[in-house]
Amino acid sequence: MRLILLGPPGSGKGTQAQRLVQRYGIVQLSTGDMLRAAVAAGTEIGLRAKDIMAAGGLVPDEIVIGIISDRIDQPDAHNGFILDGFPRTVPQAEALDKLLKQKRLELDAVVELRVNESALVQRVETRAAETRARGEEVRADDTAEVLTKRLASYRAQTEPLIEYYSERRKLLTVDGMMAIEEVTAEIQRILAAVGSAEPKAARKPARKAALARTAAKKPAKTAKKTTKSAKKVTKSARKAARKASKTPKKRGKKAAKKVVKKSVRKAARKAPKKSVKKVGKKAAKKVTKKRAKR
Ligand code: AP5
């Protein structure tokens, strides 16, 4: 399953992502967490993002798109992922569409968590207080002042994504004002209703793997067959070419072509048409060249 969680700061994206991860056995890809890790590690990206994040602005599109593209390619994301905090702008959404297309992946749904702005301040303040109580460092952007700026960024740059995904029939809206457990239950209900969700326990890895193996074997078998036939055809064509080269000079080009054609027709009865045609033409050219040289 591939999912996007969309919503303003403090709407519960991170909270719900963690719960869905456990249920569906997929990974949470949070650009906020990745950027905070980069800031903490003092990487080049971290240095570029630090002040922007602390001020409640958005980090440049090319940075987050690069991060997400690399992350989607990691083996743990092959089973599916939840994008938390990405995309955040229309160009990011367009880039994601392109990325998924290139990687031949489908987006299942975009879940929008709708929460009253007045509740967000309270939530972020509570989170900051809880973090402090645990003796951990409080996020630089978890203040009422910066939250106002984050909300302004959300309204101006992220909210247009609601229409973007609604037009593409991917948007599912959930009331994020309910208790955490109720929001989770509602997300699971709507995902099941649209047929996107398949809980981890419901999947049968052994059967799935067996089916995948069978599916993978089929084309390989066909490919093997085709290669075999192609080899046969090549052999016959070579034989034809040899025969043609032995044909007396005066019968020349015409005779050579005739011999090649005859042998190729014989081979064609045993092999796919396309390969025969190609090999036949090639052999004929070879013979013609040889003749021309002489
Ligand atoms: P990011 O880390 O993504 O922050 P955010 O979107 O502002 O969201 P939050 O993490 O604050 O909230 P959340 O919605 O995850 O809610 P949570 O579950 O924590 O981004 C931070 C910054 O990084 C950005 O401002 C930007 O600078 C940069 N950035 C990131 N991605 C970017 C991108 N793609 N492009 C450009 N820049 C990017 O919940 C909050 C609190 O509420 C918790 O305490 C929780 O317990 C509580 N809570 C949750 N649900 C409920 C509920 N139903 N009822 C009561 N309390 C609840």
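The values are calculated or read from the model by the stated rules, or taken from the named source; none is laboratory data. Remember, it's a predicted structure, so these values are computed and weren't measured experimentally. FYI the Cβ positions are ideal-geometry reconstructions off the backbone, even for glycines, and counts take in every protein chain you see.
Condition check ((1) closer than 21 Å to Ala38 by Cβ; (2) aromatic (Phe, Trp, Tyr)) across all residues:
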residue	(1), (2)
Asp97	no, no
Leu105	no, no
Val111	no, no
Ser118	no, no
Arg123	no, no
Arg134	no, no
Lys149	yes, no
Arg155	no, no
Tyr164	no, yes
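If you check Ala77, Ala49, Ala40, which single one turns out to be within 8 Å of the ligand (Cβ to nearest atom) and either assigned by TED's automatic domain parsing to the domain that holds Arg150 or among the small types (Gly, Ala, Ser) (or both)?
Ala49
I need a count of the residues in segment 122-134 that are surrounded by fewer than 15 Cβ atoms within 10 Å (Cβ to Cβ) and not hydroxyl-bearing (Ser, Thr, Tyr).
Count: 6.
Filter segment 3-18 down to the residues that are crowded, with 18+ Cβ neighbours inside 10 Å and not small (Gly, Ala, Ser) and list them by number.
Leu3, Ile4, Leu5, Leu6, Pro8, Pro9, Lys13, Thr15, Gln16
Within segment 97-116, how many residues turn out to be outside any strand (DSSP E or B) and either more than 12 Å from the chain's Cα centre (by Cα) or without any contact (Cβ under 8 Å) to a residue 60 or more places away in the chain (or both)?
Looking only at that region, the number is 9.
Among the residues of segment 55-95, what is the count of those that are closer than 28 Å to Ala140 by Cα and of a type outside the set (Val, Ile, Thr)?
21
Could you pull out the residue among Gly66, Gly85 that is under 25 Å from the mean Cα position of the chain (by Cα), within 14 Å of the ligand (Cβ to nearest atom) and free of Cβ contacts under 8 Å to residues at least 24 places away in the same chain?
Among Gly66, Gly85, only Gly66 is under 25 Å from the mean Cα position of the chain (by Cα), within 14 Å of the ligand (Cβ to nearest atom) and free of Cβ contacts under 8 Å to residues at least 24 places away in the same chain.
Can you spot a residue in segment 70-82 that is of a type in the set (A, V, I, L, M), surrounded by 15 or more Cβ atoms within 10 Å (Cβ to Cβ) and touching a residue at least 60 places away in the same chain (Cβ under 8 Å)?
So far as segment 70-82 goes, yes, one or more of its residues are of a type in the set (A, V, I, L, M), surrounded by 15 or more Cβ atoms within 10 Å (Cβ to Cβ) and touching a residue at least 60 places away in the same chain (Cβ under 8 Å).
Which of the residues belonging to segment 171-194 are away from the ligand (no atom under 16 Å from the Cβ) and either buried (at least 17 other Cβ atoms within 10 Å of the Cβ) or farther than 15 Å from Ala109 by Cα (or both)?
Leu171, Leu172, Leu191
Output the qualifying pairs, or none if there are none: Cβ atoms under 7 angstrom, residues six or more apart or on different chains, first residue in segment 161-178 and closer than 17 Å to Ile190 by Cβ and assigned to a loop (DSSP other than H, G, I, E, B), second residue away from the ligand (no atom under 14 Å from the Cβ) and of a type in the set (Gly, Ala, Ser).
Going by the 7 Å Cβ cut-off, the qualifying pairs are Lys170/Ala109.
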